[in-house]
Amino acid sequence: MITNFDLFRWKKAGMINLGVNKLLKFFHKYDRKISLRQMGQVAQVKSIPNFIEQYKNQDVKKLRIDYKKFFSFSILDDLYPERLREIYNPPVLIFYQGNIDLLKNPKLAFVGSRLAGQSGIKAVQKIITELNQSFTIVSGLAKGIDTASHLSAIKTKTPTIAVIGTGLDIFYPLENRKIQEYLAKNQLVLSEYSLGEKPLKYHFPERNRIIAGLSRGVVVVEAKLRSGSLITCERALEEGRDIFAIPGNIADGTSDGCNHLIQQGAKLVYQAQDILEEYLYN
């Protein structure tokens with residue numbers, strides 16, 4: 001029987017998330033034991049000898065201590081969100097702090113610029129207030145729109161989930177430490193990264209797929225044409241999520257991404273009712 005700790009060990013030995021998903025599909029189909037070399041072949045690891053060597057040399061006792069530092073759940077568990085399970089390359093193992101029951105709620109993601117202006121922040125505050133706790137707010141705890149989304153949710157007593165691109169013991173950006181600690185105690189913080197993992201550049205597109213995957217729809221605020229927010233929207237569209245965009249100033253370029261999304265068919269939003277009416281009969 002495969003355990004969540006097995007998933008953790010495979011990843012620590014160098015197997016990427018997509019490889020673990022391939023391996024799990026193999027075991028689901030064939031239900032038989034295979035060698036480490038065969039596991040590496042099925043998972044298509046870059047170097048099978050490296051994978052075998054790293055796996056065999058693991059300090060299992062220390063790994064187990066690190067693994068148990070935070071609560072976790074996996075794609076093998078019943079509580080794993082179905083919306084997230086259906087995306088391409090779903091995270092196989094997620095660590096968390098806080099109220100795991102928030103995963104059961106209908107969720108709406110908010111994404112946008114890290115260099116948000118006052119107009120974008122006020123727009124977030126307005127929409128989340130008007131939503132009147134109809135959704136749990138999901139965002140990435142980055143500077144700007146993400147932070148404004150979490151703070152607006154806290155202020156309006158709306159549940160909120162932060163999906164971060166580091167281990168749960170890392171605070172990034174550092175100035176959001178108090179917010180992260182508050183969310184970890186009173187809301188929910190999620191990460192597919194284990195103890196001590198730093199904010200590497202490629203972690204954030206990976207994090208964005210989780211934000212989009214958890215949510216019914218994504219609200220985009222103050223996004224430029226070339227931005228991580230639009231990448232999140234691309235992932236969301238691929239998975240059949242709704243895209244809502246708040247229009248912005250055409251003169252300074254800070255909302256060109258939002259305006260472009262509206263041109264491409266995203267729903268223009270200037271009040272929460274524009275979002276709520278999409279789900280009124282769902």
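The values are calculated or read from the model by the stated rules, or taken from the named source; none is laboratory data. These figures come from a predicted structure and were not determined experimentally. When we count neighbours, we look across all protein chains shown, and the Cβ atoms used for this are built from the backbone with ideal geometry, even at glycine. We work out accessible area using only protein heavy atoms, side chains counted, and drop any ligands, DNA or RNA first. Shrake-Rupley method; radii C 1.70, N 1.55, O 1.52, S 1.80 Å.
To the nearest 20 debye, what charge dipole does the chain have about its Cα centre, counting +1 at the Cβ of each Lys and Arg and -1 at the Cβ of each Asp and Glu? Could you put the intermediate results ahead of the total?
Details: 39 positive and 28 negative charges, 220 e Å.
Value, rounded to 20: 1060 debye.
The peptide list 172-182, 52-62, 221-231, put in order of mean Cβ contacts within 10 Å with the highest first, becomes 221-231, 172-182, 52-62. In the context of the full set of protein chains, residues of the chain present 52 Å² of accessible surface per residue (probe radius 1.4 Å, heavy atoms only). Among the listed pairs Lys46/Lys201; Lys33/Lys56; Lys46/Lys104; Lys122/Lys267; Lys69/Lys126; Lys11/Lys33, those with a Cα-Cα distance over 26 Å are Lys46/Lys104; Lys69/Lys126.
Think of each Lys and Arg Cβ as +1 and each Asp and Glu Cβ as -1; about the Cα centre, that makes the dipole of the range 173-213 roughly 80 debye.
Please report the relative contact order for the range 100-278, taking Cα pairs under 8 Å with a sequence separation of at least 6, and give it as a percent rounded to a whole number.
Values: 375 pairs, mean separation 39.6, N = 179.
Relative contact order of the range 100-278: 22 percent.
A helix-only calculation puts the chain at -12500 deg cm²/dmol for mean residue ellipticity at 222 nm, using -39500 (n - 2.57) for each DSSP H run of at least four residues, averaged over all residues. Sequence-ordered 3J(HN,Hα) estimates for the range 179-190 from the Karplus curve with 6.51, -1.76 and 1.60 and θ = phi - 60° stand at 5, 4, 5, 5, 5, 5, 8, 10, 10, 7, 10, 10 Hz, glycine and proline given as x. What share of all Cα pairs of the chain, in percent, falls into each consecutive 10 Å distance bin? Bins of 10 Å from zero give 7, 29, 33, 19, 10, 2, 0 percent of pairs. One decimal place: the segment Asp274-Glu82 gains 66.6 nm when fully extended, by the rule 0.36 nm per residue minus the C-alpha distance.
Highest average first, the peptides 141-148, 64-71, 250-257 ordered by how many other beta carbon atoms sit within 10 Å of their residues are 141-148, 250-257, 64-71. Nearest 5 percent is fine: what portion of the DSSP beta bridges confined to the chain is antiparallel? Percentage antiparallel, nearest 5: 30.
Using the alpha carbon gyration tensor of the range 168-238, what are the three equivalent-ellipsoid semi-axes (square root of 5 times each eigenvalue), largest first, in whole Å? Could you put the intermediate results ahead of the total?
On the way: eigenvalues 104, 40, 33 Å².
Largest first, the range 168-238 gives 23, 14, 13 Å.
Compared with the alpha-carbon gap, the fully stretched path from Lys46 to Lys122 is longer by 22.7 nm at 0.36 nm per residue. Which residue, Gln58, Ala43, Asn21, has the largest displacement toward the positive end of the dipole of the chain when charges sit on each Cβ (Lys, Arg +1; Asp, Glu -1)? Of Gln58, Ala43, Asn21, it is Gln58. Panel values: the range 4-68, Kirkwood radius from alpha carbon pairs, Stokes-Einstein at 4 °C and 1.567 mPa s, translational diffusion coefficient 108 µm²/s.
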